[in-house]
Amino acid sequence: MKQTRKRFLTTMVILTVLLAWGLVLNINLGSVHIPSGDIFRMVWDAARYQVLNLFTGGAYGPQLEEVIGASTQSKILFSIRMPRMMLAAILGGALAVSGFLLQTFFRNPIAGPFVLGISSGAKLIVGITLVFGAQYIGKISSAALIASAFFGSLLVVSAVLLFSQRVHSMSMLLVVGIMIGYICSAATDFCIAFAKEHDIANLAGWSMGSFSGANWGNVVFSAWICLPGLGMAWLLSKPIGAYALGEGYAQSLGVNVKLFRAVLILLSSLLSACVTAFAGPISFVGIAVPHITKTMLKTSRPAVVIPVTYLSGAVFCIYCDLIARTFFSPTELAIGTVTAAFGAPVVIVMMLKRRSTNM
Amino acid sequence: MEYFKTEGLAVGYRGRSLIHDINIGMEKGKILTLIGPNGAGKSTILKTITRHLARIGGTVAIGGKDIQGWSAKEMAGQVAVVLTDRIRPELMTCGEVVAMGRYPYTNAMGKMTAADKEAVLRALQRVHAIELEKQDFSTLSDGQRQRIMLARAICQEPQVIVLDEPTAYLDIRFKIELLDILREMAHEEGTAVVMSLHEIDLASKISDYMVCVKGDTIAAFGTPEEIMKEGVIESLYGLEKGNYNQLYGSVEFGRPEGEPRVFVVAGGGYGTEVYRLLQKWQIPFATGILHENDIDCPVASALSGHVVTAPAFEEMTKEQLEKALEWMQKAGTLIHAGTPIGSTNRVNGQLLELAEEMRFPIYRSAGEWLEAQRQNGHCGAQGAEV
């Protein structure tokens with residue numbers, strides 16, 4: 001007990017320091033260098049006016065505008081780097097927690113938001129919108145893309161939920177998810193066959209995943225979904241813990257297994273759908289981060305693991321985005337490239353370790 | 001009054017009844033055991049009692065109330081289970097696994113109070129596994145795992161504890177320890193124990209009630225004394241090529257078929273080892289003269305169709321001697337298992353003397369006999385004719 005608490009505190013301190021350091025680096029680094037002193041001054045001013053605004057009902061709006069629009073640097077800071085960083089943090093955490101919930105649901109460490117075909121579903125609808133929508137409506141707004149991704153994700157989730165009523169074995173359901181993913185990919189390829197060059201390029205760009213182009217509206221919207229989602233997941237800690245002993249034991253302890261499973265998969269899908277909608281498919285965060293977190297904490301108590309997983313996911317994505325943005329600047333890498341490069345080895349090591357201890 | 005009771009219970013899968021008219025019951029503090037062959041439906045009955053399976057018909061009542069209408073929480077407070085599911089929790093200590101038993105009693109976030117922690121330690125103590133508290137569950141042996149799962153169930157403080165084959169995978173020492181703990185639970189805490197077992201001998205020794213499950217209804221329900229009658233076990237398990245001894249709880253393989261090839265002079269337990277060796281080599285044998293109450297007699301009758309017996313506590317007679325001589329001559333060889341000759345079995349002494357006079361080959365052990373047969377070219381390693 002004491003050991004766990006000590007580990008928890010150490011991990012929290014490390015992660016918080018990493019997060020703070022990552023935030024500073026993220027704002028500081030880039031093609032336009034902004035001195036740290038200026039950053040702190042600008043952020044302080046903006047935060048002050050924002051808070052005052054809240055209490056006075058917008059009386060300080062003009063002053064806030066002035067701070068934000070004062071220079072090129074402040075514009076880059078407030079309308080590009082900060083929202084992007086915030087989005088990476090919020091969505092990275094959501095992705096990690098979504099992975100944790102799915103691993104709980106399937107009792108399988110490689111279950112992730114993308115194994116169920118959620119991203120493929122999103123890609124399909126985005127593809128349809130890009131290819132066919134463009135012919136009738138003309139220009140497709142990014143809001144429309146987000147809406148399509150969301151719709152596609154939820155479509156696949158409903159299909160999986162429908163199957164989960166009939167299929168009782170978790171591994172079978174996993175297979176069903178993978179198959180739905182393939183069907184969606186096939187349908188997407190079908191659409192591509194009829195698409196114009198630049199639509200294909202758009203779709204390919206979207207499906208690489210990126211946090212670029214984030215704005216404050218995205219940040220607020222995703223925060224409204226992900227943070228309550230995190231809270232909900234944390235409130236489910238108790239049944240999640242019991243579920244680790246298997247369905248039979250969970251039920252005999254008083255868990256309403258059917259309801260619990262439905263809530264669990266809906267919640268994890270909502271989280272990953274939100275991520276996919278704003279940033280496109282991002283692989284391996286959902287598998288690697290929960291595993292790293294549990295290894296650091298040396299426990300699987302959900303009440304501890306869930307919040308720390310969120311924090312780790314945020315840290316992981318902030319650094320991955322930083323690398324994607326700055327490593328080969330001005331060329332920007334897809335976020336998925338970076339997460340896969342760091343996440344996939346973790347998964348391999350994890351599988352090898354499981355083999356040696358559990359078999 | 002019967003604390004736990006089923007009436008006209010029908011169980012099965014997907015609305016189809018496999019076993020019906022299950023009427024069993026027990027008082028608090030008793031142990032009820034289901035026995036029966038693999039696939040008979042023991043687990044199906046237990047899962048229906050624990051509501052893991054929907055019942056097809058009838059009632060299951062605990063404390064006089066049908067459990068059908070109970071909430072999940074009420075149920076969890078009354079009934080705890082030990083399942084056959086092999087669980088693989090990640091990074092959980094045994095203490096944490098056991099603490100899951102407090103689930104029905106803790107608050108919405110599962111906060112463990114001092115009383116809850118106390119209950120965990122008590123449960124661990126009860127199964128003699130207090131030293132495992134901090135150990136990772138995945139590092140345990142089967143025997144330790146099962147004790148921890150039992151502790152988890154105990155920690156739930158149930159009125160009824162349901163265990164599905166709790167002794168599977170366990171070695172003999174752990175089997176006995178586990179069943180001892182269950183007996184203590186029943187006697188000291190008044191818990192009603194419902195379980196299924198494969199070990200018939202242990203079942204009859206530990207249970208207050210036994211249920212034989214076979215076919216589409218239960219074959220028998222009663223005290224072990226009522227159930228454990230001659231032939232009941234053989235018919236319950238469809239045991240044609242083997243024998244189960246009710247008195248000793250020992251199991252014998254089927255007897256070798258054919259005309260006896262050796263006569264074994266035995267008695268007083270000296271013969272059993274020889275009989276079993278001959279059975280292993282598939283060599284048919286005759287044996288005698290045994291008193292019916294001789295401890296060699298059950299194994300002899302199980303493994304040979306040609307046993308010359310004398311009624312218990314009676315002198316051996318001339319007729320029995322002649323019968324034995326006849327079988328001995330038919331067999332052609334003789335093993336003297338080493339039984340000392342005294343006043344009550346002096347007829348066996350006469351038999352040996354006659355054999356010696358007739359220059360009959362007499363061997364001192366089954367091994368010696370087999371060696372001689374090999375040298376004479378009579379049989380191969382497994383007793384097959386050459």
**Prompt:** If we count every other residue with Cβ under 14 angstrom of B:Gln350's Cβ, Lys/Arg +1 and Asp/Glu -1, where does the sum land?
**Reply:** -3
**Principal axes of chain A: Cα extent on each, largest first, Å** = 62, 61, 42
**Message:** Let me spell out the model: positive unit charges on the Cβ of Lys and Arg, negative unit charges on the Cβ of Asp and Glu, origin at the Cα centre of the stretch B:252-375. What dipole size does that give, in debye rounded to 20?
**Reply:** 360 debye
**Fill in**
Env charge @ B:Phe313, Cβ radius under 12 Å, K,R +1 / D,E -1, value -4
**Message:** Need one value: the accessible area of B:Met149 in square angstrom, 1.4 angstrom probe, rounded to the nearest 10.
**Reply:** 10 Å²
**Item:** As computed over the protein assembly as shown, the Cα convex hull volume per residue (Å³)
**Value:** 236 Å³
**Asked** Taking the Cα centre of the stretch B:167-265 as origin and charging only Cβ (+1 Lys, Arg; -1 Asp, Glu), how large is the dipole, in debye to the nearest 20?
**Response** 280 debye
**Complete:** Amide H contacts under 5 Å for B:Lys30, restricted to residues at least 5 apart in sequence or on another chain and with H modeled in the peptide plane, are B:Val193
**Prompt:** Using a 1.4 Å probe, how large is the accessible area of B:Ser365, given in Å² and rounded to the nearest 10?
**Reply:** 50 Å²
**Asked** Taking Cα centroids, how far is the stretch B:99-150 from the stretch B:225-296 in Å?
**Response** 46 Å
**Asked** Residue-wise, which Karplus ³J(HN,Hα) couplings in Hz belong to the stretch A:50-55, taking 6.51 cos²θ - 1.76 cosθ + 1.60, θ = phi - 60°, and x for glycine or proline?
**Response** 4, 5, 4, 4, 4, 7
**Fill in**
Calculated from DSSP helices alone, with each H run of at least 4 adding -39500 (n - 2.57) and the total divided by the residues of chain A, [θ]222 nm to the nearest 500 comes to -26000 deg cm²/dmol
**Request:** Name the long-range amide H neighbours of B:Gly58: under 5 Å, sequence gap of 5 or more, or other chain; modelled H, no Pro or chain starts.
**Result:** B:Ala10
**Fill in**
If amide H atoms are modeled at 1.01 Å from N in the peptide plane, then the residues at a separation of 5 or more from B:Val81, or on another chain, having amide H under 5 Å from its own are B:Val162
**Fill in**
Per residue, the convex hull enclosing the Cα atoms of the stretch B:10-49 spans a volume in Å³ of 75 Å³
**Message:** Give the lysines whose C-alpha is closer than 24 Å to that of B:Lys214, dropping any in the same chain fewer than 8 places away, or say none.
**Reply:** B:Lys5, B:Lys30, B:Lys42, B:Lys47, B:Lys205, B:Lys229, B:Lys241
**Message:** Quick check: the distance between the Cα centres of the stretch A:268-287 and the stretch A:133-182, to the nearest angstrom?
**Reply:** 12 Å
**Request:** Determine the calculated [θ] at 222 nm for chain B from helices alone, applying -39500 (n - 2.57) to every DSSP H run no shorter than 4 residues and normalising by the residue count; nearest 500 deg cm²/dmol.
**Result:** -9500 deg cm²/dmol
**Prompt:** Which of the pairs A:Lys298/B:Lys111; A:Lys238/B:Lys134; B:Lys280/B:Lys323; B:Lys28/B:Lys73 have their Cα atoms more than 23 Å apart in this structure?
**Reply:** B:Lys280/B:Lys323
**Request:** Ignoring everything but the protein chains, give the 1.4 Å probe accessible area of A:Val13 in square angstrom, nearest 10.
**Result:** 90 Å²
**Complete:** Scalar couplings 3J(HN,Hα) for the stretch B:233-239 by Karplus 6.51 cos²θ - 1.76 cosθ + 1.60 (θ = phi - 60°), nearest whole Hz, x for Gly and Pro, are 5, 4, 6, 4, 9, x, 7
**Request:** Rank these residues by their accessible area, most exposed first, probe 1.4 Å: B:Met328, B:Met228.
**Result:** B:Met228, B:Met328
**Spatially proximal lysines relative to A:Lys196 (Cα-Cα < 29 Å; intrachain offsets below 8 disregarded)** = A:Lys123, A:Lys139
**Message:** If I take the Cα coordinates of chain B and project them onto the principal axes, what are the three extents in Å, biggest first?
**Reply:** 89, 45, 41
**Request:** Per residue of A:240-247, count partner chain C-beta atoms within 10 Å of its C-beta, then hand back the mean as an integer.
**Result:** 5
**Complete:** Judged on accessible area alone, 1.4 Å probe, highest first, A:Lys294, B:Lys330, B:Lys28 line up as B:Lys330, B:Lys28, A:Lys294
**Prompt:** Can you give the direction-averaged projected area of the convex hull of the alpha-carbon atoms in the stretch B:252-375, in nm²?
**Reply:** 6.7 nm²
**Fill in**
Net charge near A:Gly246 (other residues with Cβ under 9 Å of its Cβ; Lys, Arg +1; Asp, Glu -1) is +1
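The values are calculated or read from the model by the stated rules, or taken from the named source; none is laboratory data. Everything quoted here is computed from the prediction, not taken from an experiment. Positions of Cβ are generated from backbone atoms using ideal geometry, with glycine treated the same way; all protein chains shown enter the neighbour counts. Note: areas computed on protein heavy atoms with side chains; ligands, DNA, RNA excluded. Shrake-Rupley method; radii C 1.70, N 1.55, O 1.52, S 1.80 Å.
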